Amino acid sequence: MAAGGQDFSYSFLQVLKKKSDQPAPGRAPQLYGPRRGRQAGGGGEKRQPKRGQSPVQARRLPPEILIKILMFLDPSSLICISHVSRLLNRLANENIIWYRIYVSEFGGQTWKPAFGREASAKDSVEVEDGPALHWKNEYFRTTAGQEINKWRRELGDVSPCSGLPMQTERILRSLNITWELTVYDRWGYRTSVEPSQAHFFKSSVIIRWSSDSFPLYDDFSSILLHGIQKKRGLRTRKHSWSSLILKVNTLMRPHQLMGKDRLMTMMHLSPGIIIGVWRGHSQVAFIMISLHFHKLVEKSLLGTPVCPYSEPPHLPPADDSDPKYGLHGFSLHFILHNTCNVMLSGQFCQLSCGRDQFRHGLVELKVINQTNLSKHRLLSGSIGLPWRSEGLEGSVENCCIMTLTLLDEFKKPFWCVCSPVLNRLARSPHSVDYGGDHFEMEHFESDGQVKMKLVMLKEPQQFLLISLIVCVSVSKVNKHFSREYGS
């Protein structure tokens, strides 16, 4: 329809041009067009139209006739022709035109040009008396709503393992969603950068921004991340939608040193932000952010430029019959990875914790028990985080990304984390069953904690995960299930 509408727009302009070329009664004909010049038999000078005046004199036609002609166009052609002149811009936005399109599009009919149809007096009075641009806005609002309903239906296809939509990556790509990073320095200067690369995994994405325009790290004031839905075919953000995902005040939030190699120093800034700084300098080489797939499409689309997406209030399950026994039937989807490789991926089911095991305001779920040797897991490859910037690359050892999805007894996401973790040398051995160096990884936030114990085996030279404990705050449990557990 769009292509046919554009051909019709061109034909419409040609009709107007022919109309404008006809001389008015009692006046000599004038020559218009790209090759106009001296008139035949005379030495007149070349006449140019005034600035801003189109050779196509559409204003010679009555507005009623122009509106009737514009009713033959489809929405995309109306948008195009509204940029021809102020007159056509005003007429192409008339309520009566967009009302007909709206009714035809969403009233159970297939839209067709209104050949031979007359607008009734009743329709004209009711529609034209409405607010300006009302039906045009309604049309695009309804169209956007149908698009939202479409991808929401696709998000309903949930993986039984992770409890997350299986089509998240495909939906993000099909909707042309990207993520823009904005950095403010101490003096309020703003730097906005589009991503250099995105690494997708089963339940998360790692996004990297590399630029030589970042301010010095010591001058950082705040970091903002926006989801951007770009209109296809446009190279600018002018007509894109922006949704705030996170905002971090770097002056108030301390960073954690993750590690360094020959060229790069990596620092972790919660939540999930990694900043790479050239060694010996304060110049930022890149910024990486890890995002969990849980509600990522909604966060990237349904927020505003200044307010993030707010999830609807959670309703506690109606058939939770035994709250006095604590938590039961929980499951965990757990991944350790970097930007290139997955080192460990596991599914752990039937996790439970009795009410008498609640300690220090935390609910402890033992996923891998240190004393059960059969549950210990080998990691694939070494633990490290590769980086790339300005044609250089390297890898910082003993750090990686942890992606965790904890599902409740109804297989709904209860706690989702995607964050860098640091592998530290333990002060004392964890177990006498294994020789080699012992390490530990930890993650802390207000909703819970994750604690891991690892051993670097001598033969083969691989890491072995011998303990994994997930702790969830009692306050989060109380909020999710509407309970009143004490600490």
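Sparsely packed loop sites in region 390-472 (the GluC sites (Glu not before Pro) outside DSSP H, G, I, E and B with at most 12 other Cβ atoms within 10 Å) comprise 390. Counting only Cβ charges, +1 for Lys and Arg and -1 for Asp and Glu, the dipole size of region 402-472 around its Cα centre is about 60 debye.
For region 254-283, trypsin sites (Lys or Arg not before Pro) meeting the loop criterion (DSSP other than H, G, I, E, B) and having at most 16 other Cβ atoms within 10 Å: 262, 279. Computed over region 318-415, the P(r) curve from all C-alpha pair distances, binned at 5 Å from the origin, holds 2, 11, 16, 17, 16, 13, 9, 7, 5, 2, 1, 0 percent per bin. Shape descriptor for region 165-300: Rg over Rh equals 0.97 (Cα atoms; Rh from the Kirkwood inverse mean 1/r).
According to the calculation over all Cα-Cα pairs in region 330-481, the P(r) per 5 Å bin from zero is 2, 8, 18, 21, 19, 15, 9, 5, 2, 1, 0, 0 %. Ranking 215, 245, 286 by how far each Cα lies toward the positive end of the dipole of region 165-300 (charges on Cβ) leaves 245 at the top. Ordering 417, 378, 441 by the projection of their Cα atoms onto the charge dipole of region 358-451, which places +1 on the Cβ of Lys and Arg and -1 on the Cβ of Asp and Glu, puts 378 at the extreme positive end.
Every number in this text was worked out from the coordinates using simple rules, so none of it is lab data. Being a predicted model, the structure only gives us computed values, none of them experimental. Counting neighbours? That spans all protein chains shown, and the Cβs are built from the backbone with ideal geometry, glycine included.
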